[in-house]
Every structure is written in structure tokens, then in C-alpha cells.
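Peer 1: Quick one: the structure is below, questions incoming.
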Amino acid sequence: MQNYNAHLVLKSNNKKVGRIPVSTTTASTCPDVCPFNHANEGGCYANAGPLAMHWKKVTDGNRGDTWEVFVGKIANLKANTLWRHNQAGDLAGNGKRLDAKANFQLSQANKGKRGWTYTHYDVINDKHNANVIEQMVGDGFVVNLSGNNLAHADELYDTGNAPVTTVLPSTQMTNTTTPKGRKVVVCPAVVKDDVSCETCGLCARLRDAIVGFPAHGNGKKKADAVAMA
């Protein structure tokens, strides 16, 4: 098993996230197929501001813990703790293939907690990745499959592996539907000032609705192009 450097803060300072535990994982975990990856001309919201500086320190090994220590911290969180994995970074993997052992360690450590995350790893063409995520979800760790646009969200939904989220055009601030008629709920924390991940918890639940995130941040132009493709 490859080692992945990961950092956990017990109370996030991000207003939209709320005062809950949040992790960051080394950038080498980011999948090649993600259109916001550095190699794909970027556009990731985590590539700018204080988060970018923090992420670089985690990626360089100057901040954070080994995977084993990080997983131990997750196991020690109080029961029923709502926490977000990867404000930057992705599931443990080499950019193409998920590391089953490392990810199952995480989903087991999350037992009794309410952890969730998002992933751009390919589950449509890679059965191994799909199986890993399906088992993690079965363990109680909610992995959201990240869609690039509404049509891609439909493709991900059709796999039946896990809940789905998607990027939306920056101007799409109201609920909508996919080409196949599936309901897309715009992230409540985006459209309401008094809502955060801490008070919402929608992405941490198994659900039928797709959660949409309007393009934002310094990479908004790039994200808009992806969302409207």
C-alpha cells in the first residue's frame, strides 16, 4: 500500500463548511480524468488562496500525518460526528486506480461516524474503482460521485454505485433536472447564507437527488466550460 499524507483539522474555519472536522489529502491522489486536475489545465477551487497554500504543505509532506496515523484519528472521532473528507485531494489512489486497502481502512475507521466525500475516480469504465466505492458506501462512508455536467451526472447515476453530485454553470442557482429528468438540488450552502455543511448534511446522506454545485472561485471560467460541455 502506498503512503498518502493526510491532514485533519477538528474544527474547520470555512464558513460554508461549518465547525466540523475536515481533511486534506496529498494532490497525487487526484485522478487523471478530473477536468480540474493540474494536468488538465486546472480550474480546481482548491488551487487558489489559503487552501492552496495548505494543500501544498500537505502534498509536500510538511503538514499532516501518515495514512495510518490519519485513519487512527478518524477512528477516534466521537460517535455520530459529521465530518468531511478532502476539502482538497481525492480518495487514496494513484490517479487511475483506487487503493482498496487504504480506502477500506478509512471506511472502517468511519464506523459510527457520519463521514462523506466526493470523488472523480472513474467508475463507469473501471469496475475495480466502482467496487471499492460501493463497498465504502456499504460500510457507511458516503462517497459522492462527482459529475462534470448534467449528462455525466446521469451516466454516474446509472451505475447505481453511490450518490451523485455535479458541477453546474455559475448562473444555475435554482434547482433543475438532468437530461433524463432526475432532480438536481443546488447546494443549500451556496444559495443560503445561514446554511453550512454542518447544518445541512445533505451530501452525507444516501439519497435519490443529485446535488449541484454552481461553478465558483478563481477557476469559475474553466468550470463553466466543463459544466456546459
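The values are calculated or read from the model by the stated rules, or taken from the named source; none is laboratory data. Nothing here was measured: the structure is a model prediction, and the numbers come from that model. Note: ideal-geometry Cβ built from the backbone for every residue, glycine included; neighbour counts use all protein chains shown. Protein only, heavy atoms only, side chains kept; ligands, DNA and RNA dropped before computing areas. Shrake-Rupley method; radii C 1.70, N 1.55, O 1.52, S 1.80 Å.
Peer 1: Restricting the range 205-229 to residues that are farther than 16 Å from THR171 by Cβ and at pLDDT 85 or above, which is surrounded by the most Cβ atoms within 10 Å (Cβ to Cβ)?
Peer 2: ILE210
Peer 1: Quick check on PRO188: is it open to solvent by less than 50 Å² (accessible area, probe 1.4 Å), over 15 Å from the mean Cα position of the chain (by Cα) and under 21 Å from GLY18 (Cα atoms)? So that I can check it myself, show each step before the final result.
Peer 2: Numbers: open to solvent by less than 50 Å² (accessible area, probe 1.4 Å): yes; over 15 Å from the mean Cα position of the chain (by Cα): yes; under 21 Å from GLY18 (Cα atoms): yes.
Considered against the rule, which asks whether it is open to solvent by less than 50 Å² (accessible area, probe 1.4 Å), over 15 Å from the mean Cα position of the chain (by Cα) and under 21 Å from GLY18 (Cα atoms), PRO188 comes out as yes.
Peer 1: I'd like the full set of residues that are farther than 25 Å from SER196 by Cα, outside any loop (DSSP other than H, G, I, E, B) and in contact with a Pro (Cβ under 9 Å, 6 or more places away or on another chain), limited to the range 48-97.
Peer 2: Matches in the range 48-97: GLY93 only.
Peer 1: Quick test for you: out of ARG19, ARG97, ARG63, ARG84, pick the one residue that is charged (D, E, K, R) and crowded, with 21+ Cβ neighbours inside 10 Å. Steps first, please.
Peer 2: Numbers: ARG19 fails: crowded, with 21+ Cβ neighbours inside 10 Å; ARG97 fails: crowded, with 21+ Cβ neighbours inside 10 Å; ARG63 fails: crowded, with 21+ Cβ neighbours inside 10 Å.
Answer to the selection: ARG84.
The rows are residues; the columns are (1) touching an Asp or Glu at 6+ places or on another chain (Cβ under 6 Å); (2) open to solvent by less than 60 Å² (accessible area, probe 1.4 Å).
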site: SER146; (1), (2): no, yes
site: ASP154; (1), (2): no, yes
site: ASP158; (1), (2): no, no
site: THR178; (1), (2): yes, yes
site: LYS183; (1), (2): no, no
site: LYS192; (1), (2): no, no
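Peer 1: Are there any pairs with C-beta distances below 8 angstrom linking a residue in the range 173-200 that is at negative phi to a residue that is of a type in the set (Lys, Arg) and assigned to a strand (DSSP E or B), with the two at least 6 apart or on different chains, and if so which?
Peer 2: ASN175/LYS183; THR177/LYS183; CYS197/ARG84
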